[in-house]
Amino acid sequence: MTDRQENLPLARLRATAMTQGKRLARATLNKITSGVDRAQEAREQQGGRPSDAEVRRLEGQIERLQQQLADARLFRSAVSSGLTQVQMPLSRTQTPAQARRHALKAIKSLGGQAVLGQELEHGNPLDVAIMRMVRKLLANKQHVRARSIGHSLLKYEGTEGLGHAAVGLVAMYQSLIELAEHHFDALTPDEAARLVPAEWMDVQFRRDPAAAVASTQEHAAQLLATDELRFEAVALALREHQDEFARTLYDQLRADRADAPALSARALDEYAWLQSWFEMTDREAAGQPAWHDDAVNIGVLDYKHADFTRQSANIGDYIQTIGSMTHLTRFTNLEFHGHEDLTSTAELLQSRTRGEFRSELETPAKANLVRLDRDDTGHNHIPDNTWMLAFGWYMHPPFKGEFNFPFAENVNPIFVSFHIQRREMLTDAAIAYLKKHGPIGCRDWTTVYLLRGVGVEAFFSGCLTTTVDAVFEDPSGVQDPERVAVVDKNLTSDIRALVPAGSTVDVITQASPEVGRSPLGPNVREALELLDRYRYYGKVITSRLHCYLPATALGCTVEFTPGRDGDVRFDGLHGLTPGSPDLAAIQNGLRAKLESVYRLILSGADRDAVYTHWRELTADDVAAANEYASQPFELPKPQFDVASACQTILEGRADFASGISTTEPAQPDDVHVALATDANLRYEVPVVVESILKNASQPVHFWVLTRDLRPDYFAALAETFPQARFTFLPCDRVQYGDIAGMLQHITVSTMDRLLLPLLLPDLDRVVYHDIDAVTLADIADLYNTDLGENPIAARSSRASWAESGFGNVYRAANRLDRTTAARLRRGMHEMMPYDFTTFNAGILVMDLAHMRKDDFCHRYVGMAGEFGMNDQEILNCYTGPKRTVLDIRWNSVPQQEVVEDPWLIHWAGPAKPWRPEYVVLQEVWDELVESLHARAAAAGTLTSLLGHVPAAGSSAASAEDVERDPLEEGESSDSEEGEATEQLHGAR
């Protein structure tokens, strides 16, 4: 396929985007211009002397139309800017799919900007129109552009308030709450209510819930002006446990609007559910009259809470509940008391229990069944000493608030099939709670490793859904080999390839909003019917854990095809087949332990006796888990000969002093700074050098790791800055392997810094400096940072989702096959304490002597090829918590934080100061560009070194922009976060 043919789809899409954009801009201007003309004509043609009121009306109409005309011209400029970028050149290697993606992103961006024109056409004021455009851009995951608009507005007198609102809105979108708080604090309540009412209330409730209630009441006319805002305030109040205020607001809204408030379809579902939830909590608050005083209280896990969109809509959760209840309902002489929904469910399972799994208590007993919500026990009515099997994934707090963990005070948990992967849940109180109620039976090995890392005794229990077979008859001979169930998977070519020829395919889903609306009993019955249905298929293909495991337990042939083979949730659960030893070990282990502990609980034993017995029951499992988890782990060897590669690089070394080539050795008193670049950033490197030398108090020696750059470039750079020494180290021939974790706005040259300890054998220390950063203070102060006993100094990551060191490991593992992922997770948990805060690797002070002593290059560089990890991930795995924390002023990221008097500005993420879109403090870059131009012109190197340096806001594109999608947005790859956030990343 030729380049021309390859880009035909893009050319057509470009043409469409340009035509539509120009047409929209032209139509907007023509409409407003003709409106002005008509208004003026109406005044001129009116016979006689018009009334004063008519004059004022016409003058007001003309004034409004003229303002709209001015606003629309701003819109036309925005469209033109967008179209300019759509026409930016593309890489010749771009595939048709990439071309389509490029053009679609461009159209999305124009769509966001088109909102501005539409809003102005409808007569809305400019500030409201701009905020709606920003919201549209965020909805299209164009947060870099949205932020550029906000920062541009912040620059100019008269639009600062609008800028604060826009930047604060983007910060909320990125979960940068402190940054949002800073910008919203600059708004008056009236401005906030006009531009960002919901987000402003959100920040106030996070900061001080009680004060937020008072503020919302004080400014109710503005903040609660619409039904949407009233309902948003209800949700925020519930999230922050302001239940009385939430109920009052909700009841007022319901009194005013009944079942038909002015809400979106989705919000209407939430509104209707909340009424049901309030009624349910009211009903349960009085307890159950059917409970018996002489019965043991047993919790049955449900999944309800106030937030309809966050509570479970997955029938698979109720398959878990079935699995848990089979260990209680196996006792034939146990009576159940409580709400009919629970007792009838328990009696149904009791009656279905197969003979070989039935058992009798030594003495007949009674159980009060208590409904408990996994993620919100705080709103349940729970009698004293309620025992509960605590299983599943505790990751769904209402309204994205705090995790409701530990459980409510009256709950006595027995932890089995427990899963956790987020350190936010592991507060000091949570860790103490787990220790008190341990050992913890874990659904997967990752949870075992994590809990061991915080000092909690844990063991691998597997999943309770493997025990649902206790309530099903033997399925042998039932399956229809010519029918295949595809559960929650699209019928892609890969999935179709798994379907036997001639088979009939039934597509099934386990997720439905009706699951959230239905009580526990009907959901359990639906789950039983679904499991019974699976038994009739010759094959089941699914990505759902709670389809794969129970269907396998029922004897089905299951093809488990998760979205990520190395998913953190499935370590230890892959490869199970009907009747396999591994499956039997999970089933038998769960049944033996839970029968024994339930016998003791139902006998009326006290808490201490039960937990003592639990520790005895699980002691061997804990010992086995400790032995397995502490197996020796060896880091993978590099996929290339590190020593040979470094030798090759050093053979190409080129040294310059006083602007000319030299063979003199490096001077020990110099400040040593390492840069890593390739041809994509050849124009930006001298800007960085300019910034460093402009403020340096000592001589600087630059060690430049290069790719795709020629000797004439080296010479020109050295001639431009004769006061500095330069050593160029060409790294073109080094290949690190397939780096799955490389961000889209980064090139492989950033990996070359991993070789610095061996490439600079005569140096004990170096500052590594990214190319998208400029230094405003004396680099010698950074160079002389006291590292103590640590190998690296760096600033901590900012984005909440990127802070966890083991989150960094888990994300890397999720990109791998199951075996390699499991090895990485186990090895890292064995090597490092859980958990530590990650750092941004864009600015580093590196103790090269320390790193050579640790044999860093030979031991850690192999993580790139074997585990697909990028340089920042590898460096974080190397240091763990053993690093010196840099003052954030030495690595200030103005897009993500507010820093007074920064010493170094780092434009981390996709937005760069040399690109057309405005980025905060871009003027600092522009000033350095001007200074560099003057310096290069005086040195006679302007053309040979620079050719051109794209100034901020210019339409020119650097080579880097040509090579990547110019509209690329920095998005989180972790779908579980649900947030389109860019990590505070230390690379281009």
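Derivation of every value follows stated rules applied to the coordinates shown; laboratory data play no part. Predicted model only: the values in this text are computed from it and were never measured. Positions of Cβ are backbone-derived with ideal geometry, glycine not excepted, and every protein chain shown enters the neighbour counts.
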Sorted by chain and then number, the residues having a modelled amide H within less than 5 Å of the amide H of I414, at least 5 places away or on another chain, are M388, L389, A390
Could you please state, rounded to a whole Å, how far the C-alpha centre of segment 673-737 is from the C-alpha centre of segment 198-229?
52
Residue-wise HN-Hα coupling along segment 778-783, computed from phi with Karplus coefficients 6.51, -1.76, 1.60 (Hz; x: Gly, Pro):
6, 4, 5, 5, 5, 4
Extended-chain gain in nm, criterion 0.36 nm per residue less alpha-carbon gap, T785 and D620
54.5 nm
Can you give me the distance in nm between label points at D762 and L498, each placed 7 Å from the Cα along the Cα-to-Cβ direction?
6.0
Which residues in segment 202-223 place their backbone N less than 11 Å from a point set 7 Å from the Cα of T188 along the Cα-to-Cβ direction?
none
Under 1.5 on a/c is rounded, so check that first for segment 291-465, then, if it is not, pick prolate when a/b is larger than b/c and oblate when it is not; a ≥ b ≥ c are the square roots of the alpha carbon gyration tensor eigenvalues.
prolate
Can you give the FRET efficiency to the nearest 0.05 for S644 and T819, using r as the Cβ-Cβ distance and R₀ = 35 Å?
0.75
For L776, enumerate residues with amide H under 5 Å from its amide H, sequence gap 5+ or separate chain, H modeled in the peptide plane.
L904, I905
When only Cα pairs under 8 Å and 6 or more residues apart are kept, what is the percent relative contact order across segment 662-793?
38
Once normalised by the length of segment 503-627, the mean sequence separation of its alpha carbon contacts under 8 Å that are 6 or more apart gives a contact order in percent of 14
Relative exposure of W273, W291, judged by other C-beta atoms within 10 Å (fewest first)
W291, W273
What is the fewest-to-most order of Y768, Y548 by other Cβ atoms lying within 10 Å of their Cβ?
Y768, Y548
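Between D294 and A210, what is 0.36 nm times their sequence separation minus the Cα-Cα distance? Round to one decimal in nm.
Extra length from D294 to A210 when fully extended: 26.1 nm.
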So how do 121-127, 900-906, 612-618 stack up, highest first, on mean other-Cβ count within 10 Å?
900-906, 612-618, 121-127
For the pair A262 and E160, what calculated FRET efficiency results from E = 1/(1 + (r/R0)^6), where r is the Cβ-Cβ distance and R0 = 25 Å, to the nearest 0.05?
0.20
Relative contact order as a percentage, segment 255-398, C-alpha pairs under 8 Å and 6+ apart, gives 34
Give the distance, in whole Å, between the Cα centre of segment 436-489 and the Cα centre of segment 754-792.
48
Per-residue HN-Hα couplings for segment 879-894 [Karplus 6.51, -1.76, 1.60; θ = phi - 60°; Hz; x = Gly/Pro]:
7, x, x, 8, 9, 8, 8, 6, 4, 5, 5, 7, 7, 7, 10, x
Please give, to one decimal in nm, the separation of the simple spin-label points placed at D608 and A255, each 7 Å out from Cα toward the Cβ.
5.3
Plugging the Cβ-Cβ distance of D778 and R653 into 1/(1 + (r/R0)^6) at R0 = 25 Å yields, to the nearest 0.05, a FRET efficiency of 0.35
Honestly segment 817-882 on the Cα gyration tensor test (a ≥ b ≥ c root eigenvalues; a/c under 1.5 rounded, otherwise a/b vs b/c for prolate or oblate) is just prolate
PRE zone check, label point 7 Å out along Cα-to-Cβ of S276, amide N under 16 Å, scope segment 495-514, hits 511-514
Mind listing the long-range amide H neighbours of I541? Cut-off is under 5 Å, sequence gap 5 or more, other chains count too, H placed in the peptide plane at 1.01 Å from N.
A485, V486, V487, E559
Under a Cβ-only charge scheme (Lys and Arg +1, Asp and Glu -1), can you give me the dipole magnitude of segment 291-465 about the Cα centre, in debye to the nearest 20?
640
Prolate/oblate/rounded label for segment 171-219 (Cα gyration tensor, a/c 1.5)
oblate
For segment 642-963, what is the charge dipole size about the Cα centre, in debye to the nearest 20, if Lys and Arg each add +1 at the Cβ and Asp and Glu each add -1 at the Cβ?
900
